[in-house]
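Contents: one structure, followed by commentary.
The values are calculated or read from the model by the stated rules, or taken from the named source; none is laboratory data. It should be emphasised that the depicted structure is a prediction, and the values quoted were computed from it without experimental measurement. Heads up, the Cβs are rebuilt from the backbone with ideal geometry, glycines too, and the neighbour counts pull from every protein chain shown. Surface accessibility is based on the protein's heavy atoms, side chains included, excluding ligands, DNA and RNA. Shrake-Rupley method; radii C 1.70, N 1.55, O 1.52, S 1.80 Å.
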Amino acid sequence: MQYRRELKFICSDFELEILRHRLSAILPHDAHQTGACYQIRSLYFDTPDNRCFHENLDGVNLRRKYRMRIYNTSDALIRFEVKEKRNNLTRKTSAALTRAEADGLLCGELFPCAKGGGGALVRAVRSESAPLLSPAVIVEYERTAFVYPVGNVRITFDRNVSGSVRFCGFFADALPKIPAMPAGHHILEVKYDELLPDFIFHTLNLGSLTKTSCSKYALCRMACGARAPLS
């Protein structure tokens, strides 16, 4: 997958509501969304010396994050993903995991040679990452997403970002969480391949958005005390 551009903004409830009305009139929701939003829960992995966390805070030019992701607490679709950032561009590589493979990672099997569809990607991560990765934090939020095919545009509202280190509850319906942002603060992300169509740019222009480089992963690590991953 090619690298994409990614813009992030901190938004208030009021700003997101204005944008929701504007975008709903011109863009469809993405395939995951059937109602007003859907839930995303990701388990991020890091090294014992918190390499991913510190590279994120330091703004290292080439860095990677590793995560396992589910939607609406269901195990029907489990993805292992590697997100890479280079020169302010991003790309994501992903593969499906079975529930057994996911449970193995949760139980501390440090990236075993998976037998399902995600095996090749997991083995590649295992070979390139020394020391090995282990669970660091769970990141959860509610997402509203809009898409536009020209430019492969994807616009997401990520509300109520929160973190947890209760790794055994990754698939639970209810998970004890710690808010990662002040009440009423949310994240708007705008992703596209090369050019953002003018009509979308003008639709998003409220004149008040605060651009940020914040990472939901880093915010949740800090909310949870930035503790070291499981050993």
Taking a ≥ b ≥ c as the square roots of the eigenvalues of the Cα gyration tensor, with a/c under 1.5 meaning rounded and otherwise prolate when a/b exceeds b/c and oblate if not, the range 1-113 is oblate
Rounded to a whole %, the carbon-and-sulfur portion of the accessible area of the chain at a 1.4 Å probe is 54 percent
Expressed per residue, the solvent accessible area of the chain in Å² (1.4 Å probe) is about 47 Å²
Measure of exposure for Asp58: accessible area at 1.4 Å probe, Å² rounded to 10, is 120 Å²
Once the in-chain neighbours fewer than 8 apart are removed, the lysines whose Cα is under 29 Å from Lys8 read Lys65, Lys83, Lys85, Lys92, Lys177, Lys191, Lys211, Lys216
Quick P(r) readout (the range 153-231; Cα-Cα; 5 Å bins; whole %) gives 3, 12, 18, 20, 15, 12, 9, 7, 3, 0
With the convex hull built on the alpha-carbon atoms of the chain, volume per residue in Å³ sits at 125 Å³
The chain: relative contact order from alpha carbon pairs under 8 Å, six or more residues apart, as a whole percent, is 29 percent
Helix-only [θ] at 222 nm, the chain, -39500 (n - 2.57) per DSSP H run of 4+, per residue, nearest 500, equals -6500 deg cm²/dmol
Sites removed, the longest contiguous part of the chain containing no DSSP-loop trypsin sites (Lys or Arg not before Pro) with at most 14 other Cβ within 10 Å is 1-114
Highest GNM mean-square fluctuation among Ser12, Ser208, Ser134, for the chain with Cα springs under 10 Å, belongs to Ser208
